[in-house]
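The values are calculated or read from the model by the stated rules, or taken from the named source; none is laboratory data. Every value quoted in this text rests on a predicted model; they were computed, and no experiment measured them. Positions of Cβ are backbone-derived with ideal geometry, glycine not excepted, and every protein chain shown enters the neighbour counts. Heavy atoms of the whole protein, side chains included, go into the accessibility calculation; ligands, DNA and RNA do not. Shrake-Rupley method; radii C 1.70, N 1.55, O 1.52, S 1.80 Å.
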Amino acid sequence: MTTNLDPVIDWDAYIALRRDIHRHPELGFEEFRTARMVADRLRTLGYDVAEGIAGTGVVGTLRHGDSDRRIGLRADMDALPIQESNRIEWASQVPGTMHACGHDGHTAILLAAAEIIARRRNFDGTVHLIFQPAEELGGGGGARRMIEEGLFERFPCDAVFALHNMPGWPTGKFLFRAGAMMASSDRVVITFTGRGGHAAVPHRAVDPTVAAASAIMALQTIVSRNIDPLDSVVISIGKLEAGATYNVIPGSARLELSVRAFSPEIRDELETRIRRICTLQAESYGATAEVDYQRGYPMLVNTVDETGVAIDVARRIFGAENVQAETEPLMGSEDFAYMLQEKPGCYLLVGNGMIGESDPGSGLTHCMVHNPGYDFNDACLAPAATFWAELTAQWLAPR
């Protein structure tokens, strides 16, 4: 791959920084050490730095020239509550917590880009580098809270951009999609309440587990019979809880669902159908159902013009063969969607290596994110940072 890497940048130092962050992971809204590291480095590079946005968020601002044009680049910083299984020198030192999604890499990428941008100063306008906490927390995560605390009023942006590593694609491959790229994501908690009793006399109890089991099967008919087969929808039951021992009918049962869609109208229809099915299934067995429907991230929608600019930059630097301009949408979700509801922009993916292949840098086998054996592929760092710097130069090109 032709990467046009900046020869002045000490890339090994940024790999070491990435691994240091990996060694010291922090959960959402607890990224105190990471935020201090980010703020200190940005100040060293000459950026104006604002801290404490959404608790641990950091924004670095660099102005050059006379233009009033502005661009925002965002990286997420938080880790996940997963016990790392890797035996590597930079493995997590925090029990039960690890960077299993590559946010350590995203942070290092944007810091490396910050240095390239500051060194070159080949732009006319303002760059805002947004280091966001708590991407992994669902609807109440860091992006939404930063926006509510005045992110774009304090740091106006004409467009915002973000990236994420993507296992299953060749290292450094750049993936784009204009329009809807990632699904909305909702959490649904359903509590079925009956009347407990002895397992030997079920007719004197109202068994909530039967109602829950019936609802589980009925919920799948929403996807197969209520939604157009050409529309992508997911309803997954991730948790089923009921009872404490084999010979007691419990008084309640609990389901937790993950619900995903690519249309606001279908999202609303899913909520209506889920509420109705669970309520009526429970009633048919003499039980009741309480549905707690928690709206999470909205759909992530990339705007056409901004995505086009990003694609052109990637093609120019890395060649058309390393750019996928119309990648398939993902059923995963991302809270950068909130920022794209406020501003035009683009969320893109960078290949993290093919799943099952060995990473020559770490010796680990590439796997999917949110896996205890995952590690960010350091070979992605320099190309992605270079892309950010080139996109900034293109977006804020002197006129």
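Which residue is surrounded by the most Cβ atoms within 10 Å (Cβ to Cβ), if the candidates are limited to segment 155-190 and must be charged (D, E, K, R) and outside any loop (DSSP other than H, G, I, E, B)?
ASP186
Just give me the residues in segment 77-123 being part of a helix (DSSP H, G or I), among the small types (Gly, Ala, Ser) and under 16 Å from the mean Cα position of the chain (by Cα), in sequence order.
GLY105
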### Query
Can you tell me how many residues in segment 245-275 are in a loop (DSSP other than H, G, I, E, B), in contact with a Ser or Thr (Cβ under 8 Å, 6 or more places away or on another chain) and either touching a residue at least 60 places away in the same chain (Cβ under 8 Å) or among the polar types (S, T, N, Q) (or both)?
1
### Task
Mind listing just one residue for me: the one in segment 229-263 that is modelled with pLDDT of 95 or more and out of contact with any strand residue (DSSP E or B) (no Cβ under 9 Å at 6 or more places or on another chain) and, of those, nearest to PHE192 (Cα to Cα)?
ALA244
### Message
Any residue at all in segment 304-313 that's more than 25 Å from ARG69 (Cβ to Cβ), of a type outside the set (Val, Ile, Thr) and in contact (Cβ under 8 Å) with a residue 60 or more places away in the chain?
### Response
no
## Note on the structure
Residue pairs within 7 Å by beta carbon, gap of at least six or interchain, first lying in segment 140-154 and part of a helix (DSSP H, G or I), second open to solvent by 80 Å² or more (accessible area, probe 1.4 Å), listed first then second, are ILE147/GLU342; PHE152/GLU342
### Task
Give segment 203-217 a look and list any residue that's open to solvent by less than 40 Å² (accessible area, probe 1.4 Å) and of a type in the set (A, V, I, L, M, F, W, C), or say none.
ALA205, VAL206, ALA211, ALA212, ALA215, ILE216
### Query
For the subset of segment 48-75 comprising residues that are open to solvent by 10 Å² or more (accessible area, probe 1.4 Å) and within 20 Å of MET37 (Cα to Cα), which member is nearest to the chain's Cα centre (by Cα)?
GLY55
### Message
If a residue counts only when it is open to solvent by 10 Å² or more (accessible area, probe 1.4 Å), β-branched (Val, Ile, Thr) and farther than 30 Å from PHE192 by Cα, which helices (runs of 4 or more DSSP H) contained entirely in segment 284-399 have at least 2 such residues?
### Response
304-318
## Note on the structure
Note on segment 282-302: residues of a type in the set (A, V, I, L, M) and either without any contact (Cβ under 8 Å) to a residue 12 or more places away in the chain or over 17 Å from THR272 (Cβ atoms) (or both) are ALA287, MET299, LEU300, VAL301
